[in-house]
Amino acid sequence: MHSGSRKTAAAGLVLVGLLASGSVLAQAAPGAKPRSSVGLAVVAQKSPYAGYDTDVLPVPVINWEGERFHFRGGSLGYTLISTGQTEVSLLASPYFMRFKRNDSDDPQMRQLSNRSMSAMAGVAVRHTAPWGVLQGNVQAEVSGHGGGFAADAKYTYPIPTGRVVLVPGVGAQYASSDLNDYYFGVSAVEAQRSGLAAYSAGSGVAPYMDFSAVMPLGPRWTATASLRRTLLSSAVKDSPMTVGSHMDSALLALSYAF
């Protein structure tokens, strides 16, 4: 059984990872202000959970830039400081990880408790310079799913090549033990019920690499293609709920700026 809600969550994880910075991917000049845009993306991602399939589906893309507020890749921000090159914002966003037992084909996984998406809140920083773009955020879990926090740091270097801007990037995501244990831990009760080993997840760092190509199709239309590989942290890999050592995702998007 593969529900639309789980597919939406998987797609959302790709969008946050690859499109949250989409408004700055094509910024060849430091200090250029991101533009509001709407569009459609086709995303694909394999969940780390055992028994989950790869989903490929369309997802709307919305980026909105106001005087202070902005909405980028599913995250709502409020700009505290903007100096042209550096932006500091308050950030609220969903943590798009989710586990629904009925969406897994694994009979043991179907005996575990569901894990819902979480709400996160924190601060984000972005610095744009001739040598590239540095961005990062730290957010705490605020929806009552055990607490914890997550952080992300990323470096990208836009390379103009004629009409196309190539954007290689490297980064790392940190998740605290409380957050990892909520999504990948197996309690003693669940272990007895499912036959899986009990597991308490610790904190972990997941490095990733991605590559995007941004191509303007006129003054307002832009096509974007992105690939990302994330290496799962040991805390996630060691969980009996997961399979594999990495997670791949891909995105194709067409957007209209206004």
- Query: Filter the range 151-165 for residues that are without any contact (Cβ under 8 Å) to a residue 60 or more places away in the chain and outside any strand (DSSP E or B); which is surrounded by the fewest Cβ atoms within 10 Å (Cβ to Cβ)?
  - Reply: Gly162
- Among all residue pairs at least 6 apart or on different chains, which show Cβ distances below 7 Å where the first residue, located in the range 37-56, is within 30 Å of Gln108 (Cα to Cα) and the second is acidic (Asp, Glu)? Ala44/Asp55; Gln45/Asp55; Lys46/Asp248; Ala50/Asp106; Gly51/Asp105; Gly51/Asp106; Tyr52/Asp103
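Quick one: is Ala250 within 17 Å of Pro48 (Cβ to Cβ), part of a strand (DSSP E or B) and modelled with pLDDT under 95?
yes
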- Item | Residue satisfying all of: in the range 242-258; touching a residue at least 60 places away in the same chain (Cβ under 8 Å) and under 27 Å from Ser176 (Cα atoms); surrounded by the most Cβ atoms within 10 Å (Cβ to Cβ) among these | Ser249
- Query: Which condition breaks for Trp131 when tested against (1) out of contact with any Leu (no Cβ under 7 Å at 6 or more places or on another chain); (2) buried (at least 20 other Cβ atoms within 10 Å of the Cβ)?
  - Reply: (2)
- Task: Within the range 229-253, track down each residue that is of a type outside the set (Gly, Ala, Ser) and more than 30 Å from Val214 (Cβ to Cβ).
- Result: Val236, Lys237, Asp238, Pro240, Met241, Thr242, Val243
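The values are calculated or read from the model by the stated rules, or taken from the named source; none is laboratory data. Because the structure is predicted, anything quoted here is derived from the model rather than measured. Please note: Cβ atoms are built from the backbone with ideal geometry, for glycine as well, and neighbour counts cover all protein chains shown.
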